[in-house]
């Protein structure tokens, strides 16, 4: 009982500290230092990707577990690969969805740890798995804060991309629940999304509605509130910095980024016209230097 209470207090303290403290530290440390933010983000995403690849390789090779059953199906497991791949590759088709979903997974986990510590402590995870879960989800949360508030602002006009990506992930999870993640012992699909019941208090419920069937409405409402707050705060964080429309690093190796860094536009370029003029000027200067 004593250890159980210790871990619950530990979850509350760690969850609240990381949840509230991280944005404050990130906004302060990387204030007008986009280059430093991008280099740190590169290392963070590399760590997450390499660690999870090793994790799945050990499960398959050392513990000889069925690799098919280990295919990522829920949002966090997918984010461990999607968010690093989106940032490290710079692929525009992945970037908006990768940072949106990764930050969502990390934020929800940090909040859940602080709000409902008993659900984690009583989940029968080993101490290593328990700590690993907190660390890896925090990496997603930290990466989302840096990416969305110090590297590149989110834009409402591109919101359709992460929403489509998010629901494709939900559909993928649903497919997994009915196929390779089907719970044959219970005779029903596995609950990939970990949503069990409505947690709204009675006084917030709509009269005439069954509380047990309101959880979908509840989570959809929370999801769109999350979108409104996230996108508004992201734009507000960049309001006085006039950042480039896109991150100056479009992806690739760190060596390539460092090599091209002196010629990349920084925080004083904010429109497509300015970027185009800068590109023409840069190419012209390179041509002159080549002649000399």
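The values are calculated or read from the model by the stated rules, or taken from the named source; none is laboratory data. The structure displayed is predicted, hence computed values, not measured ones. Quick reminder, even Gly has a Cβ in these numbers, built from the backbone with ideal geometry, and neighbours come from all protein chains shown.
A few points about this structure:
- Conditions (1) modelled with pLDDT of 90 or more; (2) surrounded by 15 or more Cβ atoms within 10 Å (Cβ to Cβ): number failed by residue 114: (1)
- Scanning the stretch 155-168 for residues that are closer than 25 Å to residue 32 by Cβ and not in a helix (DSSP H, G or I) turns up at least one hit.
- Residues within the stretch 113-129 that are in contact (Cβ under 8 Å) with a residue 12 or more places away in the chain and more than 13 Å from residue 4 (Cα to Cα), tallied: 3
- Residues (surrounded by fewer than 21 Cβ atoms within 10 Å (Cβ to Cβ) and within 19 Å of residue 17 (Cβ to Cβ)) located in the stretch 120-138: 120, 121, 130, 131, 132, 133, 134, 135, 138
- Lone qualifier among 77, 85 - being surrounded by 15 or more Cβ atoms within 10 Å (Cβ to Cβ), assigned to a helix (DSSP H, G or I) and touching a residue at least 24 places away in the same chain (Cβ under 8 Å): 85
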